[in-house]
Amino acid sequence: MCGIFGAYNKSGKPVLEDVYLGLFALQHRGQLSAGIAWISDRNINIKKGQGLVHEALKQECLAKVTANYAIGHVRYATSGGTQPENSQPLGANCTQGPVALAHNGNLTNAQGLTSYLENQGAIFHTSGDTETIIQLMAHQPNVPQLKAFENALVKVQGAYSIVALFNGCLVAARDPWGFRPLIIGERDDTIYVTSESCALDILGARIVRDVEPGEILVINDEGMRTKKLPITPSHHCHCSFEYVYFARPDSLIDCRSVYEVRKKLGAALAKHSTPADCVVTGMPDSGTIAALGLAQAANIPFESGVVRNRYVGRTFIQPTQRVREAGVKVKLNPQPEVFKGREAVVVDDSIVRGTTAGRIVSMIKESGATKVHMRISSPPVRFPCYYGIDTPSSEELIAAQMDISTLQKNISADSLEYITCDEMAEAIGIPKCELCTACFDGTYLEPNECATELEV
């Protein structure tokens with residue numbers, strides 16, 4: 001669930017500070033590393049490092065670079081683990097010219113493609129899946145660069161939104177199923193491509209449109225031109241978890257307000273049993289808006305009963321369980337004056353590993369609540385995601401290990417309710433057949449929907 005950002009200025013003005021600011025707005029999508037790439041004199045230049053954007057990149061150094069097109073990336077590790085060499089963007093000088101690439105998503109056939117390419121003599125420098133695309137391009141030495149990129153995308157399966165640099169142009173692409181978001185913006189003579197619209201807001205750029213599923217966008221001095229990948233899937237597969245948790249609430253994804261969707265998800269919870277005399281609070285920050293939606297729909301008072309330490313990152317995307325558990329303790333603090341002597345309805349976006357839910361129920365009861373009712377604004381997460389969320393095995397998913405009543409007891413809640421996949425789809429405003437709900441109901445893409453031959 002990384003964040004990507006690209007910028008191209010048609011009049012030759014520097015853009016690296018714009019990319020730096022765009023990555024700041026996307027920090028919620030990845031906290032392990034950050035990087036920026038640009039091309040000068042037909043050579044790839046990459047600056048990247050571990051940690052948050054301001055730790056990994058030096059703004060004062062970037063401000064001296066005069067490049068008029070560049071890409072950036074913030075990383076959240078799924079494929080390839082947390083090794084520094086997997087930080088992006090990745091770059092290479094191929095026979096067709098220089099290329100740099102930043103990728104959000106997961107390629108489900110990367111292992112097979114890697115084995116094939118290694119048998120053809122490829123030497124991989126990372127353990128992630130993104131390098132597979134560059135290697136596929138490099139193994140087409142007599143093919144023009146843009147065509148080699150298109151051919152590579154035809155070979156890969158799974159989820160990808162990509163920004164790339166070729167000599168003289170910025171290229172963006174989104175997989176034919178539309179798993180990951182990608183949006184185009186514009187300010188004066190600069191064109192931007194980014195994971196979320198909130199990164200355009202920070203620059204004062206206007207939204208142009210979303211990159212369409214299966215679209216390749218080429219941006220250069222002549223403006224934008226577009227082409228479609230020669231793949232026509234039977235349906236789209238937009239990630240529902242983007243709306244539930246990952247995206248910032250002030251973003252638009254595929255023309256839908258994440259804020260409004262989360263309120264509707266909370267309103268859907270109001271259709272389930274809710275105590276009449278209680279206080280509603282949300283788990284900051286991704287559960288707060290759904291809690292507001294529930295409170296308004298059920299006509300129950302809403303309180304900001306749990307205070308978040310703003311200097312602690314998102315516990316769900318910390319790399320180890322021990323750090324996640326410590327993160328819950330220092331990140332969240334209930335307010336006793338809100339809960340003392342009252343029943344509390346606590347809304348969260350999901351229960352993945354159960355770390356936060358169990359701890360917060362205990363903390364709110366210790367604050368004086370007579371009962372704590374958990375309400376979840378998504379269905380139970382029971383299946384691993386192969387398209388970019390860090391839930392690689394069912395053993396890590398608490399809802400896959402026990403039914404709802406057992407899970408309720410496990411987290412010490414007095415009641416536990418979820419919404420259904422149908423209710424979620426209605427709140428998002430996308431037909432269920434056009435949503436990826438694999439982590440909730442195990443409905444994955446069939447392999448033959450995107451299978452291609454490996455010959456290149």
Taking the stated definitions as given, is I162 under 29 Å from K432 (Cα atoms), aliphatic (A, V, I, L, M) and in contact with a helix residue (DSSP H, G or I) (Cβ under 9 Å, 6 or more places away or on another chain)? yes
Quick check, is A67 assigned to a loop (DSSP other than H, G, I, E, B), in contact with a Pro (Cβ under 7 Å, 6 or more places away or on another chain) and in the same structural domain as I44 (by TED's automatic domain parsing)? yes
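May I ask you to verify whether T82 is touching a residue at least 12 places away in the same chain (Cβ under 8 Å), surrounded by fewer than 23 Cβ atoms within 10 Å (Cβ to Cβ) and within 17 Å of the chain's Cα centre (by Cα)? Lay out the reasoning, then the answer.
Details: touching a residue at least 12 places away in the same chain (Cβ under 8 Å): yes; surrounded by fewer than 23 Cβ atoms within 10 Å (Cβ to Cβ): yes; within 17 Å of the chain's Cα centre (by Cα): yes.
Yes; evaluated as a whole, the condition is true for this residue.
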Give all pairs with beta carbons closer than 9 Å in which a residue from region 112-139 that is within 14 Å of A100 (Cα to Cα) and outside the structural domain of P84 (by TED's automatic domain parsing) meets a residue that is of a type in the set (A, V, I, L, M) and in a helix (DSSP H, G or I); count only pairs at least 6 apart in sequence or on separate chains. none
Scanning region 172-200 residue by residue, those surrounded by fewer than 24 Cβ atoms within 10 Å (Cβ to Cβ) and over 18 Å from the mean Cα position of the chain (by Cα) turn out to be G185, E186, R187, D188, D189, T190
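Each row is one residue, and each column tells you yes or no for (1) in contact (Cβ under 8 Å) with a residue 60 or more places away in the chain; (2) in contact with a strand residue (DSSP E or B) (Cβ under 7 Å, 6 or more places away or on another chain); (3) more than 22 Å from I216 (Cα to Cα).
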{"position": "A56", "(1), (2), (3)": "no, yes, yes"}
{"position": "Y69", "(1), (2), (3)": "yes, yes, no"}
{"position": "A77", "(1), (2), (3)": "yes, no, yes"}
{"position": "L90", "(1), (2), (3)": "no, yes, no"}
{"position": "C94", "(1), (2), (3)": "no, no, no"}
{"position": "G97", "(1), (2), (3)": "yes, yes, no"}
{"position": "A102", "(1), (2), (3)": "yes, yes, no"}
{"position": "A110", "(1), (2), (3)": "no, no, no"}
Restricting region 221-255 to residues that are among the charged types (D, E, K, R) and over 16 Å from the mean Cα position of the chain (by Cα), the residue that is nearest to I376 (Cα to Cα): K228
Given the criteria modelled with pLDDT of 95 or more and touching an Asp or Glu at 6+ places or on another chain (Cβ under 6 Å), does V163 qualify? no
Of everything in region 370-414 that's buried (at least 16 other Cβ atoms within 10 Å of the Cβ) and part of a helix (DSSP H, G or I), which residue is modelled with the lowest pLDDT? E396
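The values are calculated or read from the model by the stated rules, or taken from the named source; none is laboratory data. Just so it is clear, the model here is predicted, and its values are computed rather than measured. For neighbour counting, all protein chains shown are included, and Cβ atoms are generated from backbone atoms with ideal geometry for every residue, glycine included.
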